[in-house]
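Notes to accompany the following structure.
No value in this document is a laboratory result; all are computed from the given coordinates. Predicted model, so just to flag it, every value in this text is computed and none were measured. All Cβ positions, even for glycine, are placed from backbone atoms using ideal geometry, and neighbour counts span all protein chains on display.
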Amino acid sequence: MRKPLIAGNWKMHGDSPFVARYAAALADAGPSAGVEVLLLPPAPYVAPLAQALEAAGAGLQVALGVQNVHGEASGAFTGELSAEMARDLGAAWTLVGHSERRALFGETDEVVAGKLAAAARAGLAPMLCVGETLAEREAGSAEAVVRRQLRVVAGEAGPAVLASATVAYEPVWAIGTGRTATPGQAQAMHEVVRSEIETLCGADAAGRLRVLYGGSVKPDNAAALLAQPDIDGALVGGASLDADSFAAIVAAAGGAA
Ligand code: PGA
């Protein structure tokens with residue numbers, strides 16, 4: 001039985017007043033039994049958000065993480081943040097290989113694998129993002145792309161590291177576009193992810209590992225997506241910036257569990 005996980009990726013949004021308002025609104029919405037909740041603010045806001053959630057009485061209900069880490073523990077990498085530092089400052093999770101990092105910051109599958117290994121080494125729970133672009137889907141290669149993204153990580157970081165991750169399947173054409181994969185399209189790709197994990201890491205790992213869907217998840221489409229047997233939660237971008245919308249998606253996961 002895989003416990004549903006709803007993660008909110010704030011991307012590069014938010015400021016101090018937003019953090020305070022958000023924590024209070026999320027605490028007002030109350031806990032949702034049987035659902036794990038994770039927020040991924042910009043790294044400098046992890047500690048303030050932890051404090052604000054604690055003060056609002058929601059500290060224990062929400063895990064926190066960062067959106068990216070460097071592959072090295074320390075060194076001459078101006079502007080970068082290591083997994084060890086994120087952990088030291090209170091993050092429990094990190095995203096790895098989000099499509100915006102791959103597309104805008106040139107992260108290859110090999111770089112992504114290095115970051116996943118770094119997260120595991122530092123004791124951060126990694127969420128590995130995979131997914132095809134529109135051109136790749138239209139060319140009929142969505143499945144092959146996602147299998148390759150997983151295979152390179154297993155090859156470079158080792159199958160045990162991959163098995164310890166959570167995977168987020170995010171079709172790039174659905175991110176921030178309002179164009180969600182249908183529940184059927186998403187389920188089909190989640191089956192592909194799980195079968196590739198089985199090949200790379202074994203049946204036990206494939207049965208245990210959570211595969212989240214991401215890409216224009218909103219309160220009104222969350223329940224249908226989360227009802228699919230291989231969709232174990234959601235990675236939410238835009239809709240996570242509104243605490244009430246995010247809480248509604250968490251509640252939908254509670255209903256689907
Ligand atoms: P979106 O973003 O929900 O705004 O489509 C998802 C993501 O990028 O993780």
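Simple spin-label model, 7 Å along Cα-to-Cβ: GLU54 to ALA223 in nm?
Calculated label separation equals 3.7 nm.
Using the alpha-carbon centroid of each, what span in Å lies between segment 139-183 and segment 221-251?
Using only Cα atoms to place each centre, the spacing works out to 18 Å.
Under 24 Å from the Cα of LYS11, which lysines turn up, not counting those fewer than eight places away in the same chain?
Within the straight-line cut-off, LYS11 pairs with LYS115, LYS218.
Based on the alpha carbon coordinates of segment 1-89, what radius of gyration and maximum Cα-Cα distance (Dmax) apply, in Å?
14.2, 44
Suppose every K and R has +1 on its Cβ and every D and E has -1 on its Cβ; what is the size of the dipole of the chain about the Cα centre, in Debye to the nearest 20?
The dipole magnitude comes to about 180 debye.
Out of the GluC sites (Glu not before Pro) in segment 66-164, which ones are loop residues according to DSSP with at most 16 other C-beta atoms within 10 Å?
Passing both the DSSP loop test and the Cβ count: GLU72, GLU80.
Which listed residue (GLY178, SER141, LEU226) has the Cα farthest towards the positive end of the charge dipole for segment 141-248, taking +1 on Lys and Arg C-beta and -1 on Asp and Glu C-beta about the Cα centre?
SER141
Based only on other Cβ atoms within 10 Å, what is the fewest-to-most ordering of PHE18, PHE246?
Lowest count first: PHE18, PHE246.
When the Kirkwood hydrodynamic radius is evaluated over all pairs of different C-alpha atoms of segment 213-257, what value in angstrom, to one decimal, is obtained?
10.1 Å is the Kirkwood radius here.
Divide the volume of the convex hull of the Cα atoms of segment 1-158 by its number of residues and quote the answer in cubic angstrom per residue.
Per-residue hull volume (Cα only) is 140 Å³.
When the chain is treated as a GNM, springs tying every alpha-carbon pair under 10 Å, which of VAL146, VAL217, VAL19 comes out with the largest mean-square fluctuation?
VAL19
Tell me which aspartates and glutamates have Cα within less than 17 Å of LYS3's Cα, excluding those fewer than 8 residues away on the same chain?
GLU36, ASP204, ASP230, ASP232
Neighbour counts of other C-beta atoms within 10 Å: give me SER141, SER164 arranged from fewest to most.
Working: SER141 15, SER164 18.
The fewest-first ordering by Cβ neighbours comes to SER141, SER164.
Please report the relative contact order for the chain, taking Cα pairs under 8 Å with a sequence separation of at least 6, and give it as a percent rounded to a whole number.
It comes to 21 percent, rounded to a whole number.
Kindly provide the chymotrypsin sites (Phe, Trp or Tyr not before Pro) of segment 33-142 that DSSP labels as loop, not H, G, I, E or B, and whose Cβ sees at most 15 other Cβ atoms within 10 Å.
Counting only loop positions with at most 15 other Cβ atoms within 10 Å, the chymotrypsin sites (Phe, Trp or Tyr not before Pro) in segment 33-142 are PHE77, PHE105.
What does the charge count near THR180 come to, summing +1 for each Lys or Arg and -1 for each Asp or Glu among other residues with Cβ under 13 Å from its Cβ?
Values: positive: ARG179, LYS218; negative: GLU170, ASP220.
With Lys, Arg at +1 and Asp, Glu at -1, the net is 0.
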